[in-house]
Amino acid sequence: MPKAKSPPREPAAVLSGPDAPATSATRRIRLVGGFAALAALFAALGFVWMRGRTQAVNGATISMAAKTEDPALPVDLLPPPDGMRVSVPLAASERAYLAEIEHRGLTLSARVFTVLAGAIRDADREKLASLLAPTFAGETLDLSEARGPANDSFVIRRVSAAEGAKPGRVNADEFVNYLLKLRERFGKPPTVKLPLPDGSCCRDGQPLFPVLPFTPGAEEPPTMTIHVGLTSLAPVSRERLDGAWSGGCNIRMVGLTRDGLAETSLKLAFDALRIADVDAIAGDTGWIQSLRVQEAQEQSAPRPLMLETAKARGIDTERFADCWNAPDPARRPVTTGGVFLSDLDGDGRIDMLVTDAGRGALFRGLDGGKFEDVTAKSALPPRCAGIAAFGDFDGDRLPDLILNTGVFRNAGGFRFEDVTGKCTLRLPKGAMGYTVADYDRDGRLDLYVARSTGPQPREGRNSWIDGPGGPGNLLCRNLGDWRFEDVSEKANATAGHRSCFTAAWLDADSDGWPDIYAINEFGGGVLLLNRGDGTFREQPLVDDAGDFGSMGMAVGDVDNDGNIDIFTANMYSKAGRRIFENLSPGTYPPEVFAKIKRFVTGSELYRNRGGLKFERTGNAKRLNAVGWSYGAAFVDLDNNGFLDLYATAGFISVARDKPDG
Amino acid sequence: MAQPFDRAAYVPAPRLPDKRLDDFWVENPWRITSMGHNLSAYERNRVFLNGGGDDWFDISALTTADSDGDGRSAVSADLDGDGMEELIVRQSGGGPLLVFENQFPDAHWLDVSLRGTKSNSHGIGARIVATIGERKIVRELYPANGYFCQGAAHVHFGLGKSAQIDKLVVSWPSGLVQEFAGVAADRHVLLTEGTPEIENRRR
């Protein structure tokens, strides 16, 4: 079993919920299940609470007043699993309240946003107008005032109330006109095709649009998809669920236009006079009291800025495991494998190891970016799954390979010699990542090993906040001649026994010594500052780290100020945000609440201001709402000297027409 | 230390799920993935364009690299030698390996590989600073490490409209600082520790 299988699952389950703002699809349904996952957190907290103790959470002492929990427990749908200690979460009334909110959110998504999306798609003025109340008062932002990067290859224009744009006040007719004007660029109905049920331009690895050849201005039949998604929701009065509600949503239109590939997206706040029952709401009229555009963005490119080309490069992608083809969704591995690049023969072309739950492969890079499968002659293990790192450990200039617990010497000609027995490295099973650097600057490449708590940590040993339950990261010092010394403890490099999926080397303080940033599955990560004497000093990046569920990271100087910045790829949940927003005041002590709010913050960009001062900018710069993110990469896609960002998203997709957690 | 969030979490549902909406309820978060439900499903991978260091634009749709598969790993490299970096993406579902060719308009660039003599053989840990007029671009040579991935051991500079780097300064892990003046762009160079010559790596 590949070690990728289990560890990521646990933290991931903590958070759930509909994803990043622009993602929801016309037929996508929201759910209550995400609430359950989050409420589970409260269950654990509630357990502690009932014991009425003083708890230390991440160094902060929090006084937990003894509270008499509602003795009238609700009837459980299912008994707890065998051996699982039952802890009582929020009061039954509070859980019921939150569930009611999520239920209405699901109702809106399943029965209303589909209607709204269809009406915009069809430019159905009457249908749109019928949803709006006679007293409707809306706000719009004028896209002609939008600004953004523009050149021959792409135009991006954004206008945002948060950045000082003045919204215009409009009535119902004017708001409908505004929406229809925005969709106009995508062509007139009925040439617009039916919306696709997903939120993507690229599905199953293939672009959805007939992107090439595409001639701007030619009479191509327009293709457009529209998505409307819920971001927040709450009743105006807690006591009046049958009364007025307010919330937030996104509208996203994407397709081919005369300008080429284009997208128009809106972030809106809304007020509703009521939210009718599931079966009645689609036919309800005149109940949307207000829609206020908070941000609008238009973008277009004459041709797509990237193009998927794996097969054309000679890579047989079919050989790799794809969970979407697995028969039993419940038995899918969370991660099937990785990709590791190196120039193995020093010819200047990139070679590539792809590990996989099925059959991994080693590819040799050829001219023109093509690849040749050299797995057979590589002498690597037939089941090539899990984590790896290339590095020249013996100093012969050829990158050697650590593959899971195995050590392989690059013997040239894409052949690898198994030197695991000869090498004194004793690598633990179940490690999550390897990263190489010469931390002591002795000319030999050392190895850092990221380790997580693993799939089934023992009860009581693990915390969901800054959990110290990990086995501790390892630093292995290269002594030469395939001898390594475990200096993890001596060098103070275990990263505080956090649960760590990924660690990366960087020179955070620009002193020439390689430092390490180790992320944390259950809270803030830690910077390990290289003192230059073979030891490291631990330091948090900021006092109020916003991370939770960090799984991947990227480092690089994003603002070209000479200080290396850090991006952490975290979990994100719109459902979770709704739930936290809707908790009754005083439900938890403020200190605890501040901690648990981190669970849904999303990805973070820590800008390094120099002098070891870091600033959280993910939320302000719109980078936090990536979605449930594992891996990320800084890459200068347009070669303008500024690093751009690619961030993966999506945890487990099973069925497009079912609710999401 | 006491554990405020242990793993014994269990949440009874307050009522029956609504079948009309395919509601579901998971009593225990550790069970979610084994229950066969969607969880943050069909989220698009995202591409953010860096608009000058302090402003980011979501250009995911324009790249068509916004796969809605269950993305896991991402790493970049110029695979075809045209100076524009490709993206290699691993997903556990929805297309296991995607290679996105860069079709942004061409701009000047320089790739730098290092050969350490006193330093480690690939110069890992070196800091390389490119100065173009008033502008400085700082990069570190660490093979990019993300979740289940590793980048190549060289440094890529995007140079925009500049066909030359006025000054390229390499701070080697050994402590040696080397300066190269007037480095022509649009090639992959190999710099050897302590050697003033610039070697062409490829093309």
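Hey, what did chain B get for relative contact order, percent, Cα under 8 Å, at least 6 apart?
RCO, chain B: 14 percent.
Under 1.5 on a/c is rounded, so check that first for region B:108-200, then, if it is not, pick prolate when a/b is larger than b/c and oblate when it is not; a ≥ b ≥ c are the square roots of the alpha carbon gyration tensor eigenvalues.
oblate
Within 10 Å of each Cβ in B:165-175, how many Cβ atoms from other chains are there, averaged over the peptide?
2
Tell me, what is the percent relative contact order of region A:336-423, built from C-alpha pairs under 8 Å that lie six or more residues apart?
For region A:336-423, the relative contact order is 23 percent.
What is the ratio of the Cα radius of gyration of region A:541-660 to 2.2 N^0.38 Å, with N the residue count, to two decimals?
So the Cα radius of gyration is 1.18 times the expected 2.2 N^0.38 Å.
Find, among the trypsin sites (Lys or Arg not before Pro) in region A:412-442, those assigned to loop by DSSP (not H, G, I, E, B) with at most 15 other beta-carbon atoms within 10 angstrom.
Listed in order of number, the matching sites are A:Arg415, A:Lys422, A:Arg426, A:Lys429.
Can you return the aspartates and glutamates within cross-link range of B:Lys167? Criterion is Cα-Cα under 18 Å, with same-chain partners fewer than 8 residues away left out.
A:Asp561, B:Asp111, B:Glu134, B:Glu140, B:Glu179, B:Asp186, B:Glu193, B:Glu197, B:Glu199
Taking the solvent-accessible surface of protein heavy atoms with a 1.4 Å probe, what is the per residue accessible area of region A:547-661 in Å²?
23
Given a cut-off of under 8 Å on Cα pairs at least six residues apart, what relative contact order in percent is computed for region B:123-203?
Relative contact order, region B:123-203: 24 percent.
Just tell me the longest site-free run in chain B, where the sites are GluC sites (Glu not before Pro) in a DSSP loop having at most 14 other beta-carbon atoms within 10 Å.
For GluC sites (Glu not before Pro) (loop position, at most 14 other Cβ atoms within 10 Å), the longest site-free span of chain B is B:1-133.
Please go through the residue pairs A:Lys166/A:Lys621; A:Lys181/A:Lys658; A:Lys574/A:Lys621; A:Lys370/A:Lys621; A:Lys127/A:Lys267 and name each one whose alpha carbons sit more than 27 Å apart in this structure.
Those over the limit are A:Lys181/A:Lys658; A:Lys370/A:Lys621.
Counting only other chains, and only Cβ atoms inside 10 Å, what mean value do you get across the residues of A:125-137?
Partner Cβ neighbours, averaged per residue: 0.
The values are calculated or read from the model by the stated rules, or taken from the named source; none is laboratory data. Keep in mind that what you see is a predicted model, and the values were worked out from it rather than measured. Quick reminder, even Gly has a Cβ in these numbers, built from the backbone with ideal geometry, and neighbours come from all protein chains shown. Protein only, heavy atoms only, side chains kept; ligands, DNA and RNA dropped before computing areas. Shrake-Rupley method; radii C 1.70, N 1.55, O 1.52, S 1.80 Å.
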